[in-house]
Amino acid sequence: MATDPKRFGTDLRLLGNLVAQNSRARGSDLFTSVRPETGQTDLARLTGVENLQQALLLRFLTPVGELAHLGHPDYGCRLHELIGEPNTETNRNRAKLFTLLALQAEPRVKKVLNLSVTSRRQNPSQVDIAVQLQAVDSDTTLNLVFPFFFEGVSV
């Protein structure tokens with residue numbers, strides 16, 4: 001079954017790197033592009049799977065509860081709770097759990113096929129959270145890598 005590009009909707013582009021984004025530059029998060037039809041500059045948009053990628057990364061980057069005042073108290077991810085903690089096996093497992101909980105809350109995710117949290121040798125406080133998933137109404141596998149920084153001491 002092929003994926004209908006409209007299935008995942010259209011939204012404004014807020015992130016520059018949809019594969020490995022690790023932060024959100026608040027206040028400078030709108031992108032522009034030239035519309036081929038008119039040659040005019042407009043706000044850049046994402047459609048289809050790219051929109052789902054951005055939605056997932058934004059969920060990972062948003063602390064749970066940050067959008068409560070907008071009526072979305074459960075939106076986000078608990079990864080922020082690990083900032084300042086050491087990069088230990090226990091905390092890597094917690095990162096995996098928090099990521100799975102965030103993915104479970106996203107209605108466009110059908111199934112998580114694989115999730116790994118791997119330490120980076122070059123930077124002991126960094127891990128790569130790699131997610132392989134299947135979206136609803138799609139036979140395409142989506143791969144995301146989300147760098148996360150504990151900023152604590154590696155053990």
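Only helices enter this figure: runs of n ≥ 4 DSSP H residues, each worth -39500 (n - 2.57), summed and divided by the residues of the chain, yield -6000 deg cm²/dmol at 222 nm to the nearest 500. Among residues other than V117 with Cβ under 15 Å from its Cβ, the summed charge is +2 (Lys and Arg +1, Asp and Glu -1).
Among residues other than E50 with Cβ under 11 Å from its Cβ, the summed charge is +1 (Lys and Arg +1, Asp and Glu -1). Which entry is the computed semi-axes √(5λ) of the Cα gyration tensor in Å for this structure: (i) 22, 17, 15; (ii) 25, 19, 13; (iii) 28, 19, 15? It is the value labelled (iii).
For segment 33-136, the relative contact order is 17 percent, taking Cα pairs closer than 8 Å that sit 6 or more residues apart in sequence and dividing their mean separation by the residue count. Surface composition of the chain: carbon and sulfur make up 51 percent of the accessible area, probe 1.4 Å.
The values are calculated or read from the model by the stated rules, or taken from the named source; none is laboratory data. Keep in mind it's a predicted model, so treat the numbers as computed, not measured. As a convention, Cβ positions derive from the backbone with ideal geometry for all residues, glycine included, and neighbour counts pool all protein chains shown. Areas reflect the complete protein model, heavy atoms only, side chains present, ligands, DNA and RNA absent. Shrake-Rupley method; radii C 1.70, N 1.55, O 1.52, S 1.80 Å.
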